[in-house]
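Asks: First the structure, then my questions, so here it is.
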């Protein structure tokens, strides 16, 4: 005997499935916002801490200055792709600087 199609149950299950898929997508998107690899997330964290420790009254450094700072920190770490490391360091520094130096 064939089962009867129940549209309410079907749409409720599709809604639950869509909710789970959206939740997983949001989790991984938010996680990757500060870098996709562990090294990139570490670079972001180091940059954020360096930006928070900037002296009061300082101005946000230029992109070239941030790149030089990132390369200085990168030489200590020495692993991963330097270009990706530099970019995430710069993003972290900028975010950390903006947290402690409101404009």
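The values are calculated or read from the model by the stated rules, or taken from the named source; none is laboratory data. Source: prediction; values computed, not measured. No Cβ is skipped: glycine too gets one built from the backbone with ideal geometry, and neighbour counts run over all protein chains shown.
Asks: Could you check region 23-54 and list, in sequence order, the residues that are outside any helix (DSSP H, G or I), surrounded by fewer than 18 Cβ atoms within 10 Å (Cβ to Cβ) and either touching a strand residue (DSSP E or B) at 6+ places or on another chain (Cβ under 9 Å) or at pLDDT below 85 (or both)?
Replies: 36, 37
Asks: When residue 18 is evaluated against the numbered criteria (1) modelled with pLDDT of 90 or more; (2) surrounded by 14 or more Cβ atoms within 10 Å (Cβ to Cβ), which criterion, by number, is the only one it fails?
Replies: Condition (2) is where residue 18 drops out.
Asks: Yes or no: residue 95 under 12 Å from the mean Cα position of the chain (by Cα), part of a helix (DSSP H, G or I) and at pLDDT 85 or above?
Replies: Judged against the criteria, residue 95 is a match.
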